[in-house]
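What follows is a set of notes on a single structure, which appears directly below.
The values are calculated or read from the model by the stated rules, or taken from the named source; none is laboratory data. Predicted model only: the values in this text are computed from it and were never measured. Cβ placement follows ideal geometry from the backbone for every residue including glycine, while neighbour counts extend to all protein chains displayed. Heavy atoms of the whole protein, side chains included, go into the accessibility calculation; ligands, DNA and RNA do not. Shrake-Rupley method; radii C 1.70, N 1.55, O 1.52, S 1.80 Å.
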Amino acid sequence: MQYQEIQPGELLAPFIECFWTLEGEPDRTESTPERILPDGCVEIILSFADRFTEIDESSDEKLQPSHFLVGQMTRPVIIKPTGSVRLIGIRFHPGGTFPFVAVPMDETTDRIIELGAIAADLEREFKAAADADASLHLKIVAIEQMLAKRLRSRGHNSSIVDLTARIVRSAGRLSVDTLAAEAGISTRQLRRRFLTEVGVGPKLLCRLLRFQQVFSAVDRNVAEWAGIAFECGYYDQAHLINDFRQFAQQTPSVLLANPSGLTEAFTRKNRMSDFSNIRNVAVF
């Protein structure tokens with residue numbers, strides 16, 4: 001299957017990290033479940049072919065909706081394809097979803113929710129924009145135009161997105177006190193705003209971003225786990241392993257010894273740089 005990321009235009013860029021597509025014809029007899037890890041982002045996913053199956057902790061399987069929102073994740077989601085795959089994803093920067101889906105984001109955390117259940121008007125606009133016969137790229141062009149129009153008509157406040165961008169740039173190494181001071185509010189008020197607009201508190205968002213930095217450090221061939229922990233801002237190796245047990249539900253050595261295409265594609269180490277408009281990855 002082929003995975004591709006496309007950067008949004010200037011108006012949407014503060015709120016949307018990228019649009020992405022995933023399409024192909026995986027062999028159901030050979031496909032294995034894929035572990036999607038928390039990354040600090042909320043996504044909206046639109047399927048135009050067969051839906052994925054989600055596998056829970058009891059190994060029970062259920063079909064995902066055709067159009068759905070993936071809230072902030074604090075644990076992995078295990079999925080596998082059931083047939084043809086044609087997906088469009090909208091990956092929001094932390095806090096970037098709220099101007100488009102005005103529900104408390106903490107109510108969506110660790111949930112996959114049918115889009116029509118929380119934003120029926122937005123789902124209707126997606127369906128109208130994404131012409132059935134168009135290619136995925138043409139659908140994205142129409143969806144981006146629709147979202148830009150929606151943003152202009154409703155107005156927006158980017159203050160939380162500006163703060164989360166600072167956290168992302170620091171790889172999760174900013175203190176909550178510093179963020180609150182920059183926002184001119186108390187740490188308690190900051191946490192409430194983060195829960196409402198981002199879906200997790202600022203401390204947890206920092207942990208999620210530090211966790212994601214581990215994959216980049218491993219790719220840079222940092223020699224040992226203690227060195228990786230230090231480079232990624234962990235107090236010690238034990239804290240790094242604890243985050244892996246919570247966010248990946250596996251130890252680092254087990255997870256990295258069993259790489260999978262989508263797990264690799266969706267980690268932050270593989271996100272687009274500011275210097276490219278399109279990134280292609282063959283995931284399997």
**Asked** Do you know which residues across segment 187-242 are among the small types (Gly, Ala, Ser) and modelled with pLDDT under 95?
**Response** SER216, ALA217, ALA223, ALA226, GLY227, ALA229, GLY233, ALA238
**Fill in**
Residue hits (segment 97-134; open to solvent by 70 Å² or more (accessible area, probe 1.4 Å), at pLDDT 95 or above and of a type outside the set (D, E, K, R)) are ALA117
**Item:** Tally, over segment 97-150, of residues that are closer than 25 Å to THR53 by Cβ and either touching a Lys or Arg at 6+ places or on another chain (Cβ under 6 Å) or not in a helix (DSSP H, G or I) (or both)
**Value:** 12
**Prompt:** Which of the residues belonging to segment 216-246 are acidic (Asp, Glu) and within 20 Å of ARG35 (Cα to Cα)?
**Reply:** ASP219, ASP243
**Item:** Considering residues of segment 67-84 that are more than 12 Å from the chain's Cα centre (by Cα), modelled with pLDDT of 95 or more and surrounded by 20 or more Cβ atoms within 10 Å (Cβ to Cβ) only, the residue nearest to LYS139 (Cα to Cα)
**Value:** HIS67
**Request:** Report yes if some residue within segment 162-170 is within 26 Å of ASP243 (Cβ to Cβ), under 23 Å from the mean Cα position of the chain (by Cα), not in a helix (DSSP H, G or I) and not basic (Lys, Arg); otherwise report no.
**Result:** yes
**Complete:** Here the qualifying pairs (Cβ atoms under 7 Å; residues six or more apart or on different chains; first in segment 185-198 and at negative phi; second open to solvent by 50 Å² or more (accessible area, probe 1.4 Å) and in a helix (DSSP H, G or I)) come out as THR187/ASP177; LEU195/ASP106; THR196/ASP106
**Request:** Taking ARG169 as the residue in question, decide whether it is touching a residue at least 12 places away in the same chain (Cβ under 8 Å) and either open to solvent by 30 Å² or more (accessible area, probe 1.4 Å) or over 18 Å from PHE100 (Cβ atoms) (or both).
**Result:** no
